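The values are calculated or read from the model by the stated rules, or taken from the named source; none is laboratory data. Just so we're clear, the structure is a prediction, and the values are computed from it rather than from any experiment. Ideal geometry is used to build each Cβ from the backbone, glycine not excepted, and the neighbour counts take in all protein chains shown. To get the accessible areas, we keep the full protein, side chains included, count just its heavy atoms, and leave off ligands, DNA and RNA. Shrake-Rupley method; radii C 1.70, N 1.55, O 1.52, S 1.80 Å.
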Amino acid sequence: MQQSRAQQRALSTASRRNFPGLMALYEENYMRLRRLVPRVDAIDGSAVSRVSGCVDLHVTIIERARYTTTLRLTYAFTDGDEVRYEPDLRIRVQHDARTAEAMEVHMGRGRYHFDARRTLERCWERNRFLHKWLGYCLHRGHRFPGRSSALAASVD
């Protein structure tokens, strides 16, 4: 699939670690999240995407407001009686601005350990991780039910 010049410019801007680049990354995250969860308004509490050969992907609505939705996106690994949520992201979707920002990323294992400091570098780390993980989830075939236009239209 070929990218338009506008998409190429947006990706080029998103690769710069400055404020405009971070905003472009938020926009890219929104577009990917919209493909993954097209009807965030249709999710009543939580939903699970199941793909053969993959770990189940869970989305939980934490808070709904007029222009924003805060959600949790995670895998749930079971080991006997223990359940481990990893990666565990809290994401704020700004419907009017069409952006999605990873507010928190928790990893119990692995190399990613983020703190809650809201510096530009920390925002970059969290949101670059969200960008990569959304791409991976989409590539693996994860989708939550609904039409893709509904996330943008959910507060119109």
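Of note:
- Neighbour net charge for residue 71 - beta-carbon separation under 12 angstrom, K R +1, D E -1: -1
- With every protein chain in place, segment 35-94: carbon and sulfur % of accessible area (1.4 Å): 41
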